[in-house]
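Student: Pasting a structure here, questions to come.
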Amino acid sequence: MPAFSLEPEQRTWCAELRELAARRLRPLADRGTPGRVNRPLVAELGALGLTARLFTSGALGLCLMRESLARECAEAETALALQGLGAHPVHTHGSAAQRDRWLPGVGEGRLVAAFALSEPGAGSDAAALQLAALADGAQGWTLTGEKCWISNAPEADFYTVFARTTPGAGARGITAFLVPADRPGLTGTPLDMLSPHPIGALRFDGVPVTRADVLGEVGGGFRVAMDTLRLFRPSVGAFAVGMAQAALDATLAHTAGRDAFGGKLADLQSVAHQVAEMSLRTEAARLMVYAAASAYDTGGPDDPEVPRRSAAAKLLATETAQFVVDTAVQLHGAAALRRGHPLEHLYREVRAPRIYEGASEVQRSIIAKELYRGLRERAEGAGR
């Protein structure tokens, strides 16, 4: 499928998602408590069949869902995405027993998942994590340490946890574990953040895990994490595009209807040019997101083009959304800063995606690394 064009049925599906978000998800989101898991909203996402589609729609389908929901209800989009982020490692790398135990509940919206990678001293440098998995007999380990900035913590029902099983081994010494929230020694606290979705810290005080809890292979946790992020990075871009489009839609309506200086705001060339720039950047970001998702669906996570395209899509889209939302607030004026205004909400929501799942600076490093890798490979090929 061309990366720049959607099929008519895909456009229809996106319109249906936006309608569902406005009619059925927005009211549930409005009744939720900021910073807390909204279980009725999660349950409705399951009842609508959207959570189950996280695992069957491919990268482009995931992007279309996230963009469409974000245009109407960022809280619903985020709740859906966090379920996918936490449960995707189970879907892709879990054993049959792990998948059978946890994925039906996620798909139905009964269970809440979380992805526990970041730590107080290991954010962008994921390979530097220090949560220790200490051997405890032939079949198990105990987890000791902390995780921080974990979405859905401490209210999730289970966590995909990345811990160091081999000290000093860098990325090769990390193992992924599926850890139920009721394991002894696991505690957590919510964090009061600018972004309105739930984020918390976790403390592991000798939490027991066994080989039955391992996701993938012992020592293969970094691969589990990167497989997940390569899929979800373009879809973070889709989330950003959805927020940018929502801000653009609001700005078009506002500037076309607001009286100013003897006419409408839209009649001012300075305003019209800013709106045009907002539209241009949003569409460019959307096309890059679709291209990255299509590359993933065609070649899978091991396609050499995927890391660069995923990084570029997330980088461009999240930076674009920040610009578009900020410009929308400027064109709306003081009213957009009032608590409860849709743009005030977007302004708080749009900042975090430039940091999580790899900050913008990390994405630039990935892009440069892949460009130079390609240059070396071409030079080596020419020298043979």
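Values quoted throughout were computed directly from the atomic coordinates according to the rules given, and no laboratory measurement underlies them. In this text the structure is predicted, and so the values were computed from the model without any measurement. Quick reminder, even Gly has a Cβ in these numbers, built from the backbone with ideal geometry, and neighbours come from all protein chains shown.
Student: Test of understanding: express the Cα radius of gyration of the stretch 222-383 as a ratio to 2.2 N^0.38 Å, with N the residue count.
Tutor: 1.24
Student: Which log10 I(q)/I(0) values does the stretch 113-219 give at q = 0.18, 0.20, 0.23 Å⁻¹ under the Debye formula, counting every alpha carbon as one identical point scatterer?
Tutor: Evaluating at q = 0.18, 0.20, 0.23 Å⁻¹ gives log10 I(q)/I(0) of -0.80, -0.98, -1.28.
Student: I need the calculated FRET efficiency for the pair Arg36 and Lys369, taking r as the beta carbon distance and R₀ as 51 Å, to the nearest 0.05.
Tutor: 0.85
Student: What ³J(HN,Hα) values, in whole Hz, does the Karplus curve 6.51 cos²θ - 1.76 cosθ + 1.60 give for the stretch 300-316 when θ = phi - 60°, with x put for Gly and Pro?
Tutor: Once rounded to whole Hz, the list reads x, x, 8, 4, x, 7, 5, x, 5, 5, 5, 5, 5, 5, 5, 4, 5.
Student: Cα atoms only, the stretch 261-346: Rg and Dmax in Å?
Tutor: Computed over the Cα atoms of the stretch 261-346, radius of gyration and Dmax are 17.2, 58 Å.
Student: Let me ask you something else. If you fit an axis through the alpha-carbon atoms of helix 360-383 and take the longest principal axis of the Cα set of the chain, what angle between them do you get, 0 to 90°, nearest 10?
Tutor: Relative to the chain, helix 360-383 is tipped by roughly 70 degrees.
Student: Let me ask something additional. Bin width 5 Å, alpha-carbon pairs only: give the P(r) of the stretch 1-88 as whole percents, running from 0 to the bin holding the largest distance.
Tutor: 3, 15, 27, 26, 16, 9, 3, 2, 0
Student: Another one. Which is the longest part of the chain that has none of the chymotrypsin sites (Phe, Trp or Tyr not before Pro) sitting in a DSSP loop with at most 16 other Cβ atoms within 10 Å?
Tutor: 5-260
Student: A follow-up question, please. If I stretch the segment between Ala127 and Arg11 completely, what's the gain in nm (0.36 nm per residue apart, minus their alpha carbon distance), one decimal?
Tutor: In short, 37.8 nm is gained.
Student: Let me ask something else about it. Given N residues in the stretch 142-292, what is Rg(Cα) / (2.2 N^0.38 Å)?
Tutor: 1.54
Student: Using a simple spin-label model with points 7 Å from Cα along the Cα→Cβ vector, what separation in nm is obtained for Gln330 and Gln139?
Tutor: In this crude spin-label approximation the distance works out to 6.3 nm.
Student: On full extension of the chain, what length is gained from Val218 through Ala276, given 0.36 nm per residue of separation minus the C-alpha to C-alpha distance? Intermediate values should be presented prior to the final figure.
Tutor: Values: separation 58, 0.36 × 58 = 20.88 nm, distance 5.15 nm.
Once the chain is fully extended between Val218 and Ala276, it gains 15.7 nm.
Student: How big is the chain by Rg and Dmax over its Cα atoms, in Å?
Tutor: Considering the chain through its Cα atoms, Rg and Dmax are 21.4, 80 Å.
Student: What spacing in nm lies between the two simple spin-label points modelled at Thr92 and Asp192, each 7 Å away from Cα in the Cβ direction?
Tutor: Computed distance between label sites Thr92 and Asp192 equals 3.7 nm.
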